[in-house]
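The next block holds one structure in the form of structure tokens; read it before the comments.
The values are calculated or read from the model by the stated rules, or taken from the named source; none is laboratory data. Worth saying up front: this structure is predicted, and the values here are computed from it rather than measured. Here the Cβ is made from the backbone with ideal geometry for all residues, glycine too, and neighbour counts use every protein chain on show. Side chains are part of the model used for accessible areas, which takes the heavy atoms of the whole protein and leaves out ligands, DNA and RNA. Shrake-Rupley method; radii C 1.70, N 1.55, O 1.52, S 1.80 Å.
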Amino acid sequence: MIKDMVLSEKVGVKDMKSARIQEIFFRFTQMFVLITLGLTGSYSAKCKEGMWVPTMLKTREADMLREGLQIPTEMLYNETGTGLNNAVVLFGKGCTGEIISDKGLVLTNHHCGYGSAQRLSSPDKDYFAYGFWAMHNDEELPCPGLTVTIVRKLIDVTADVLGGIADTASDKLRDSIASKRILDLEAKYRKNYATDAMVKPYYQGNKYWMILSDTYSDIRLVGFPPNGIGAFGGDDENWVWPRHTGDFSMFRIYAGKDNKPAPYAKENKPFKADKFLEIKVSGYKKGDFTLVYGFPGTTNEYTYSGELKQVVEITDPIAIAARTAKLGVWQRHMTADRSIFLKYTSKYAGVANGWKKWQGEIKGLKDADAVGHKKDFENTFDAWAQQQTKNKVYMSLISRMEKATAPTDSIVYADQLQRETVTGIEIVQIAAIADKILGCMRTNLTDSAFTDTVKKIGDELAGFYKNYDAPTDKDVFAALMKMYFAASPTYVSPQIKDALQNAGGNVQAWGDKIYRTSVLPYTEKMATMLKSLRKSDSAWITGDPAWKIFIALQRATKSTIAPQLSEYAKEMKYLRRLYMEGQMEMAGDKTLYPDANLTLRVAYGKVGGIQAGKSKKQGIYQTTLGDVVALDDSTKASFKVPQKLKELYRSKDFGRWAEGGEVPVAFTASNHTTGGNSGSPVLDSRGRLIGLNFDRAFEGTMSDYWFSEKVCRNIAVDIRYVLFITERFGGCGRLIDEMKLIED
Ligand code: ARG
Ligand code: GLU
């Protein structure tokens with residue numbers, strides 16, 4: 001029955017007819033689910049945790065229908081070209097986007113288009129201040145380097161990759177056989193399908209999927225609201241619900257003559273998309289089914305409790321402390337001097353994004369006692385493992401993981417401390433680049449090859465200096481070095497300690513001297529130096545005090561940290577794979593979802609705010625333009641509502657984009673998402689676009705390790721706000737005309 005539906009869909013039955021078929025299908029399946037429920041009587045309210053590989057959706061179908069899905073899962077994913085998978089794209093290297101017209105129009109987040117907009121912006125074309133809207137196709141701006149990837153087909157190739165490898169094979173042997181087979185498989189599929197073919201491991205290497213995809217590289221900017229809309233609320237509202245950001249931008253895929261991927265050419269044509277998302281403009285209610293389709297990056301849901309404990313007690317706290325210090329210094333300098341603000345604003349956003357997320361993560365993990373729950377689970381697993389006489393390796397897994405992890409606390413500490421403090425100082429990062437020059441001096445490059453390489457490195461440095469301020473960095477140096485030396489002496493490099501002692505023991509004075517004597521922080525001095533550099537001129541680098549710090553750090557890493565960590569990583573990679581395999585076996589009929597790995601996934605949940613918590617605002621699930629205007633504050637850059645938007649609000653002429661006299665702006669739901677899901681379409685029960693995912697709530701950022709339906713929420717821009725801004729603010733009604741809007 002379901003197969004027939006898909007067939008009708010495939011041959012392109014007209015909309016009316018397919019809506020009718022969907023309706024019948026829905027009734028039938030609801031009935032089926034109810035009967036099944038009646039028979040088993042055991043559908044407890046389970047967490048809607050999970051990011052499912054589209055080919056696994058069949059196993060989720062009963063549950064998804066019960067939750068409210070009203071279309072067959074074959075419509076979400078199939079291999080015939082008609083599935084919604086063809087409309088959900090990997091945007092760039094770490095975001096999601098979706099195709100929303102048959103002319104290749106792509107919607108994604110503002111913060112995902114930010115880099116492209118920055119490269120196209122200049123003082124007289126400041127797209128952050130004024131936005132950008134292409135009024136015709138020929139005004140759409142090429143974005144070199146940007147790509148969009150469409151996934152056509154996923155194939156489980158586990159048997160081809162792992163078949164015949166004995167369980168007793170060492171990891172080294174297993175890996176070498178698997179990688180050779182993967183290369184062969186990819187080559188074979190590439191030849192046969194004329195698309196990209198890539199095999200990726202899932203479930204810690206227990207399964208492999210082949211991903212067949214098309215990557216388009218002529219992508220052009222179409223619409224980009226100013227920061228007063230697209231980044232409204234800035235870092236204050238980042239990772240926070242309720243939210244008021246119009247975090248969207250639009251691009252278009254251009255293709256060659258045959259509609260296939262082609263490098264940029266003026267004469268390329270808008271990509272003719274067979275499949276694009278329909279847009280539902282009549283909204284949603286609390287409790288409605290939603291689905292997020294996209295490319296989540298990384299999660300660690302099956303991790304061993306000892307590793308999770310290190311996250312809560314070691315790595316997150318160190319990163320937060322170091323970044324608090326660094327952001328404090330940056331903030332001070334940025335407030336005092338607008339030119340420093342412009343240099344550091346993007347770096348600040350990047351550093352602050354992790355800083356805030358990890359605070360939510362620690363709080364969430366502690367409040368939920370995630371480590372305790374993991375331990376309980378490990379006890380259950382261990383008890384189960386003792387019964388597994390067929391696969392005896394499970395019996396000792398928990399104790400082996402404990403044995404491997406326990407002694408690593410101090411090395412994990414040292415590594416993270418070094419990474420977030422000394423390596424977080426920009427002069428040390430410049431020293432790392434200078435060290436590349438030294439590397440060239442020590443090889444037998446010809447003089448001209450040497451000059452070429454130095455020139456390339458010089459260009460790289462010039463890019464770095466554009467957004468660098470030495471006095472700011474000097475203050476960061478003092479703050480982070482103080483933190484480094486405050487740690488137990490076992491974590492501190494003796495050479496760096498000696499350097500401080502030789503300079504008199506005062507970190508501040510030591511920093512002053514370094515920034516006075518080193519050439520590394522100064523763009524002009526460096527440019528002059530590099531211009532006339534000869535291969536024999538190594539002394540200026542080896543004599544540099546900042547380079548000495550870098551090299552001492554490298555020594556500490558090479559001699560102790562790296563070898564110990566890589567031993568540990570090797571052992572844990574092996575144990576994690578077996579632990580995952582064991583957990584899957586123990587789960588029996590219940591299918592576990594694989595951790596995120598930046599491949600196409602489906603998560604589903606329901607519209608609704610966080611019920612727990614003291615604040616009255618917690619329960620709300622939607623914000624409106626009225627809320628945005630109420631937050632307007634001309635003294636705070638990120639809360640300044642653009643004048644034109646305020647006027648639009650005052651006119652109350654919202655047309656079809658309003659609900660109850662207000663334009664909805666953002667909403668929240670219980671879909672399991674992570675970084676990479678930015679720009680993901682949020683779909684309704686019939687697979688129609690209702691929003692654009694862009695963030696998670698602070699209380700639930702722990703969902704990368706531990707999902708709780710109570711507090712884990714994704715945050716999306718309401719599609720009606722996207723369309724309202726595009727039409728009324730951007731004056732780009734031509735784009736709306738391309739889309740397919742559904743009113744019911
Ligand atoms: N927290 C969101 C995501 O990881 C949005 C980041 C961009 N926004 C910002 N205010 N920095 O990554
Ligand atoms: N902003 C995130 C991204 O860039 C999505 C939020 C999250 O981590 O869930 O992918």
Query raised in the report: Taking I736 and the conditions (1) within 30 Å of Y130 (Cβ to Cβ); (2) surrounded by 20 or more Cβ atoms within 10 Å (Cβ to Cβ), which numbered condition does it fall short on, given that it satisfies the others?
Result: (2)
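With open to solvent by less than 40 Å² (accessible area, probe 1.4 Å) and acidic (D, E) as the only criterion, which of D512, D498, D469, D459 stands out?
Details: D512 fails: open to solvent by less than 40 Å² (accessible area, probe 1.4 Å); D498 fails: open to solvent by less than 40 Å² (accessible area, probe 1.4 Å); D459 fails: open to solvent by less than 40 Å² (accessible area, probe 1.4 Å).
Selected residue: D469, the only one of D512, D498, D469, D459 that is open to solvent by less than 40 Å² (accessible area, probe 1.4 Å) and acidic (D, E).
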Report task. Test V519 against the stated conditions and say whether it is closer than 28 Å to R338 by Cβ, outside any helix (DSSP H, G or I) and touching a Lys or Arg at 6+ places or on another chain (Cβ under 9 Å). Result -> yes
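Would you pick out the residues in the range 179-197 that are surrounded by 17 or more Cβ atoms within 10 Å (Cβ to Cβ) and aliphatic (A, V, I, L, M)?
Start the filter on the range 179-197 by keeping residues that are surrounded by 17 or more Cβ atoms within 10 Å (Cβ to Cβ), which leaves 181-182, 185-186, 189, 195-197.
Correct list: I182, L185, A197.
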**Report entry** Selection status of G306, open to solvent by 10 Å² or more (accessible area, probe 1.4 Å), within 16 Å of ligand 1 (Cβ to nearest atom) and touching a Ser or Thr at 6+ places or on another chain (Cβ under 7 Å)
**Finding:** no
Query raised in the report: Take the residues of the range 660-689 that are aliphatic (A, V, I, L, M) and over 21 Å from the mean Cα position of the chain (by Cα): which is nearest to ligand 1 (Cβ to nearest atom)?
Result: V665
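Kindly indicate which of K403, K366, K390 is of a type outside the set (A, V, I, L, M, F, W, C) and closer than 14 Å to E307 by Cα. If you could, list the steps in order and put the result at the bottom.
Values: K366 fails: closer than 14 Å to E307 by Cα; K390 fails: closer than 14 Å to E307 by Cα.
The unique qualifying residue is K403.
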Requested in this report: Residue by residue through the range 110-125, note down the ones that are hydroxyl-bearing (S, T, Y) and closer than 16 Å to G234 by Cα.
Outcome: Y114
Query raised in the report: Has the range 648-656 got at least one residue that is of a type in the set (D, E), open to solvent by 20 Å² or more (accessible area, probe 1.4 Å), touching a helix residue (DSSP H, G or I) at 6+ places or on another chain (Cβ under 9 Å) and at pLDDT 95 or above?
Result: no
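Would a scan of the range 338-360 turn up a residue that is outside any helix (DSSP H, G or I), away from ligand 1 (no atom under 16 Å from the Cβ) and open to solvent by 60 Å² or more (accessible area, probe 1.4 Å)? Please lay out each step first, then the result.
Residues of the range 338-360 that are outside any helix (DSSP H, G or I), as a first pass: none.
Scanning the range 338-360 turns up no residue that is outside any helix (DSSP H, G or I), away from ligand 1 (no atom under 16 Å from the Cβ) and open to solvent by 60 Å² or more (accessible area, probe 1.4 Å).
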Report task. Please specify each residue of the range 399-426 satisfying the condition of being within 30 Å of Q388 (Cα to Cα) and in contact (Cβ under 8 Å) with a residue 60 or more places away in the chain. Result -> R400, M401, E402, A404, T405, A406, T408
Report summary line: So the helices (runs of 4 or more DSSP H) completely within the range 94-197 holding 3 or more residues that are touching a residue at least 40 places away in the same chain (Cβ under 8 Å) and away from ligand 2 (no atom under 16 Å from the Cβ) are 127-130, 158-162
Report summary line: Those residues of the range 262-301 that are among the hydroxyl-bearing types (S, T, Y), over 20 Å from V665 (Cβ atoms), more than 16 Å from ligand 1 (Cβ to nearest atom) and in a loop (DSSP other than H, G, I, E, B) come to a total of 1
Report task. Just need a number here: residues in the range 324-336 that are surrounded by fewer than 18 Cβ atoms within 10 Å (Cβ to Cβ) and in contact (Cβ under 8 Å) with a residue 24 or more places away in the chain. Result -> 3
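With respect to G619, is the statement that it is more than 16 Å from ligand 1 (Cβ to nearest atom), open to solvent by less than 10 Å² (accessible area, probe 1.4 Å) and at pLDDT below 95 true?
Values: more than 16 Å from ligand 1 (Cβ to nearest atom): yes; open to solvent by less than 10 Å² (accessible area, probe 1.4 Å): no; at pLDDT below 95: yes.
Against the criterion (more than 16 Å from ligand 1 (Cβ to nearest atom), open to solvent by less than 10 Å² (accessible area, probe 1.4 Å) and at pLDDT below 95), G619 does not qualify.
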Report task. Using the structure shown, decide if A117 is more than 20 Å from L598 (Cα to Cα) and within 16 Å of ligand 1 (Cβ to nearest atom). Result -> yes
Report task. Could you tell me which residue of the range 691-714 is nearest to I610 (Cα to Cα), considering only residues that are aliphatic (A, V, I, L, M) and within 13 Å of ligand 1 (Cβ to nearest atom)? Result -> A697
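Does P201 satisfy being more than 16 Å from ligand 2 (Cβ to nearest atom) and open to solvent by 20 Å² or more (accessible area, probe 1.4 Å)? Break it down stepwise before answering.
Details: more than 16 Å from ligand 2 (Cβ to nearest atom): yes; open to solvent by 20 Å² or more (accessible area, probe 1.4 Å): yes.
Yes; evaluated as a whole, the condition is true for this residue.
Does at least one position in the range 448-465 carry a residue that is of a type outside the set (A, V, I, L, M), at negative phi and in a loop (DSSP other than H, G, I, E, B)?
The first filter runs over the range 448-465 and keeps only residues of a type outside the set (A, V, I, L, M), leaving 448, 450-453, 455-456, 458-460, 463-465.
Retained after the next criterion (residues that are at negative phi): 448, 450-453, 455-456, 458-460, 463-465.
From what's left, in a loop (DSSP other than H, G, I, E, B): none.
No, the range 448-465 contains no residue that is of a type outside the set (A, V, I, L, M), at negative phi and in a loop (DSSP other than H, G, I, E, B).
Among the residues of the range 101-114, how many are within 12 Å of ligand 1 (Cβ to nearest atom) and out of contact with any Asp or Glu (no Cβ under 9 Å at 6 or more places or on another chain)?
Of the range 101-114, the ones within 12 Å of ligand 1 (Cβ to nearest atom) are 109-114.
Next cut, out of contact with any Asp or Glu (no Cβ under 9 Å at 6 or more places or on another chain) only: 113-114.
Summing the residues that are within 12 Å of ligand 1 (Cβ to nearest atom) and out of contact with any Asp or Glu (no Cβ under 9 Å at 6 or more places or on another chain) in the range 101-114 gives 2.
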**Report entry** Tally of residues being in contact with a Leu (Cβ under 7 Å, 6 or more places away or on another chain) and under 22 Å from T215 (Cβ atoms) across the range 129-147
**Finding:** 3
**Report entry** Failed condition for T245, given (1) more than 16 Å from ligand 1 (Cβ to nearest atom); (2) surrounded by 17 or more Cβ atoms within 10 Å (Cβ to Cβ); (3) polar (S, T, N, Q); (4) outside any helix (DSSP H, G or I)
**Finding:** (1)
Query raised in the report: Does D632 satisfy the criteria of being charged (D, E, K, R), within 16 Å of ligand 2 (Cβ to nearest atom), touching a helix residue (DSSP H, G or I) at 6+ places or on another chain (Cβ under 9 Å) and modelled with pLDDT of 95 or more?
Result: no
Query raised in the report: Quick check: is even one residue across the range 715-732 away from ligand 1 (no atom under 16 Å from the Cβ), free of Cβ contacts under 8 Å to residues at least 24 places away in the same chain and open to solvent by 40 Å² or more (accessible area, probe 1.4 Å)?
Result: no
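Residues in the range 237-267 that are of a type in the set (D, E, K, R) and within 15 Å of ligand 2 (Cβ to nearest atom): how many?
In the first step, residues of the range 237-267 are kept if they are of a type in the set (D, E, K, R); the result is 237, 243, 247, 252, 257-258, 260, 266-267.
When the remaining residues are screened for being within 15 Å of ligand 2 (Cβ to nearest atom), the result is 237, 243, 247.
Here the count works out to 3.
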Report summary line: Filtering the range 78-100 down to residues that are within 16 Å of ligand 1 (Cβ to nearest atom) and either open to solvent by less than 10 Å² (accessible area, probe 1.4 Å) or of a type in the set (D, E) (or both) yields F91, T96, G97
